[in-house]
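The values are calculated or read from the model by the stated rules, or taken from the named source; none is laboratory data. Predicted model, so just to flag it, every value in this text is computed and none were measured. Here Cβ is always computed from backbone atoms with ideal geometry, including for glycine, and neighbour counts include all displayed protein chains. Remember, those area values only see protein heavy atoms, side chains included, never the ligands or the DNA or RNA. Shrake-Rupley method; radii C 1.70, N 1.55, O 1.52, S 1.80 Å.
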Amino acid sequence: MENQTSVTLVNEKLSFDRFREEVLNDYKIACISREASLVARKEVLTGKAKFGIFGDGKELAQVAMAKFFQTGDFRSGYYRDQTFMFAIGLATVEQFFSQLFADPDINNDPFSAGRQMNAHFATPFVDENGEWLDLANRKNISADIAPTAGQMPRALGLALASKSFRTVEELKQFKDLSDNGNEVCFVTVGDAATSEGHFWETINAAAVLQVPMAIFVWDDGYGISVPKKYQTAKSSISEALMGMQKEEGTNGIHIYAVKGWDYAVMCEKFEEGIRITRETHVPVLFHVEEMTQPQGHSTSGSHERYKPSERLDWERDWDGIKKMREWILENLLASDSELGEIEQHSKEFVRENRAKAWEKYLGPIRKQVAQAVELINNLAKSLPEQASQLVRLSSELVSNHEPLRRDVLKSLNAALDLVGDHDGAYWTRDFYNDLLAENQKLYNTYLYNEGPKSAMKVEEVKPEFSEDTPTLNGFEILNRYFDEAFAQNPKLLAFGEDVGQIGDVNQGFSGLQLKYGEGRISDTGIRELTIVGQGIGLAMRGLRPIAEIQYLDYLLYGLEPLSDDAATLHYRTFGQQSCPVIVRTRGHRLEGIWHSGSPMGMVINSLRGIYVCVPRNMVQAIGMYNTLLKSNDPVIMIECLNGYRLKERLPDNLLEFTVPLGIPEVIRHGTDITIVSYGATLRITQNAAEMLEAFDISCEIIDVQTLLPFDVHHKIVDSLKKTNRIVFIDEDVPGGAAAFMFNKVMEEQGGYRYLDVAPRTITAKAHRPAYGSDGDYFSKPNAEEIEAVIKEMMKE
Ligand SMILES: Cc1ncc(C[n+]2csc(CCOP(=O)(O)OP(=O)(O)O)c2C)c(N)n1
Ligand SMILES: [Mg+2]
């Protein structure tokens, strides 16, 4: 008996020691993080960094949250989370400063190679060959973005992937990607950002879908200068959300409200809520109230300007770290002097790491400076006439204590301008060009995949047709394709409005939900923004989602996450994260202001980093799908709305043939004029070409097939060399994608050299297309108009 008691006592002592140690470690991380915020702000104010936004005032919640973030979990958060990153060991203080200094060396800023503002974190999801890493065995941070609540739509997909891995039988084999769907997506968001539609749409979708998501609202009462009363109904996001509270027999979410200074309660509630969402996949939201901003919003201003003095006093009194200190002392977990030691150590630790980061950042630039100075001084020796000016250039560069890469190039360029073509400048010019190439690698790479997973490296395989090849409606061909593709590739998932039960509004997925199950082919609510987000998140977790936007006109609702998140992901992570989402939509000709749009200029200009495919028929579309499924980049596939009922031949090698991206196809050969177009407009163009034939005018029609990339081998200019006349036609507004094509051929391909007459564009009118067949005829380019323009060009 006595023995047992002493064992229990020893155990209790051990667990108390462990508890104490954990608390003090959390306190230490909080102090280090606070110190990092204080020091980093000074770095910006003294000009060593451009801008800073920090996690001071949010420390306690984040050390608490970090305790329950397990291997395999994901975070989709925002710029306040440095403490969390330090606590889970995915960021060091040194790395934090490297990013603040915009260090472009990926070894120093492993999150973005200096491409992102500070506190925008990420971990690698793919290796250098674009293969998915074993995310189930890692702690995963999806790359942060600055647009408020922009992390929400993606989070839906990251969380939904867990549900897919848990419920879809075919996905159970991918043990490296998921441990039976036990992964929780941790989401952080500011109180003011909850005013965004992104927040509401995501919460509603998560509540409907029931996915493992733990949302933490960091509530400091302000969105920059605007207080909660202008942001949130009842000034409380947890109260405003009460109708979503899960009850017995309903879906919904669990809601907790906790205080950001109350370390003990947060630890308890986070443990409970996260355990529940991990087990049951019911989402959970923690409203963390009464947080502070000791230094205000960012380095761009001071909060004394807009916070009442009572608020500033309150923030000082209720500072989380101060409160945690009091709590530790009250509970006799450490003495005042022990805590003092931790605080002192934190200061030194941050100072040392800041210095290391600065040295690493500046070292390579100093080397460039030294080499440039030597070259310029050598030039001065061999060119006495320019010597004094050259020496002035080199001494200016030397005396710059915080030189940038651009300063080195500016000095070298100025020196080269001075000496002209002189042979003595050979090495200087050589060095200048080397630096240009080096900086190009640092700043201008990875917009798309460049390695084996680049869509541009997929070999062309032609479709094969045999004698008994059937001719079917376009939608039937697609339907056969999706059937075979889903049978072959277990990672394929498709979803969107009306995609599940009826198999999409044009029946591409008809019957396939029955065959492959709701886990793989599903209906969604009307929520284009989070349909896109769902696709982004699923793709980031190694799945192959086809996210459907019912009509191209409604892409606008989902454009933000495509532009800000998917299109920038590979670039902003220096190639460490990829998002091979296929956004499938249909557009161009139909009827009416919101069903016949062709806003291609909007698409190509907002979606650099995404491929834009505009197949003229469904067989071409399938070839592009095949190409894209072999690669890692996101794409938007715009099928022709009026093409689903046109007859096409069904290729025998449906899953094998590929259409390479950026390769136009001549679909009608001719000698007098080159017509460049794509998609639905091609049929009208073909009609016009037939009409023109009666007048002995021979048209060559080129289908560009993809707008991004555009004619990579400059095939169009080859045609122009033959015809010496060119017209670009599409259904976008004037100055839209037709102007883009015009620019590509004239400027990039040097097409202006081969023109006999002025080149033209023919587009839709600037207004939206009016309803009905006449509305279409008088709003969009029509065959008669094309005929007239071309006849005129032939007369010139
Ligand atoms: C879409 C968008 N609008 C505006 C901004 C500029 N902005 C950056 S942070 C911010 C306030 C965010 O407040 P909150 O969500 O409460 O987060 P906090 O900074 O207070 O932690 C604003 C308006 C932005 N980044 N994105
Ligand atoms: Mg706020």
Does Ile274 qualify as being of a type in the set (Val, Ile, Thr), more than 15 Å from Asp220 (Cα to Cα) and more than 34 Å from the chain's Cα centre (by Cα)? no
Here are the criteria: (1) without any contact (Cβ under 8 Å) to a residue 40 or more places away in the chain; (2) under 42 Å from the mean Cα position of the chain (by Cα); (3) surrounded by 15 or more Cβ atoms within 10 Å (Cβ to Cβ). Tell me which single one Asn377 does not satisfy. (2)
Condition first: closer than 24 Å to Tyr79 by Cβ, of a type in the set (Val, Ile, Thr) and open to solvent by 20 Å² or more (accessible area, probe 1.4 Å). Now tell me which residues in segment 213-267 satisfy that. Ile224, Val226
Of all residues in segment 54-83, which are in contact with a helix residue (DSSP H, G or I) (Cβ under 7 Å, 6 or more places away or on another chain), in a loop (DSSP other than H, G, I, E, B) and within 15 Å of ligand 2 (Cβ to nearest atom)? Phe54, Gly55, Asp56, Gly57, Lys58, Gly77, Tyr78, Asp81
Among the residues of segment 100-115, is any out of contact with any helix residue (DSSP H, G or I) (no Cβ under 7 Å at 6 or more places or on another chain), under 14 Å from Lys356 (Cβ atoms), crowded, with 21+ Cβ neighbours inside 10 Å and of a type in the set (S, T, N, Q)? no
For segment 153-207 the number of residues that are without any contact (Cβ under 8 Å) to a residue 24 or more places away in the chain and not in a helix (DSSP H, G or I) is 2
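So which residues in segment 57-87 are away from ligand 1 (no atom under 16 Å from the Cβ), surrounded by 24 or more Cβ atoms within 10 Å (Cβ to Cβ) and among the β-branched types (Val, Ile, Thr)?
Restricting attention to segment 57-87, the residues satisfying the condition of being away from ligand 1 (no atom under 16 Å from the Cβ) are 63-64, 66-74, 86-87.
This time we only want the ones that are surrounded by 24 or more Cβ atoms within 10 Å (Cβ to Cβ), so: 63-64, 73-74, 86-87.
Val63, the sole residue that qualifies.
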Output the residues belonging to segment 23-46 that are open to solvent by 90 Å² or more (accessible area, probe 1.4 Å) and either closer than 13 Å to Met324 by Cβ or without any contact (Cβ under 8 Å) to a residue 24 or more places away in the chain (or both). Lys42, Thr46
Within segment 685-704, tally of residues that are more than 18 Å from Lys780 (Cβ to Cβ) and open to solvent by 10 Å² or more (accessible area, probe 1.4 Å): 7
The residue that is nearest to Ala566 (Cα to Cα), considering only those in segment 145-170 that are within 16 Å of ligand 2 (Cβ to nearest atom) and touching a strand residue (DSSP E or B) at 6+ places or on another chain (Cβ under 8 Å), is Gln151
Consider Gly735 carefully, then state whether it is open to solvent by 20 Å² or more (accessible area, probe 1.4 Å) and touching a residue at least 60 places away in the same chain (Cβ under 8 Å). yes
Anything in segment 601-611 that is surrounded by fewer than 22 Cβ atoms within 10 Å (Cβ to Cβ), under 30 Å from Glu648 (Cα atoms) and not small (Gly, Ala, Ser)? List them, or say none. Ile604
Quick check on my filter: what residues within segment 133-162 are over 27 Å from Ala102 (Cβ atoms), crowded, with 19+ Cβ neighbours inside 10 Å and away from ligand 1 (no atom under 16 Å from the Cβ)? Leu135, Ala136, Leu156, Gly157, Leu158, Ala159, Leu160, Ala161, Ser162
Checking Val208 against (1) within 19 Å of Thr530 (Cβ to Cβ); (2) open to solvent by 20 Å² or more (accessible area, probe 1.4 Å); (3) within 16 Å of ligand 2 (Cβ to nearest atom), the condition it does not meet: (3)
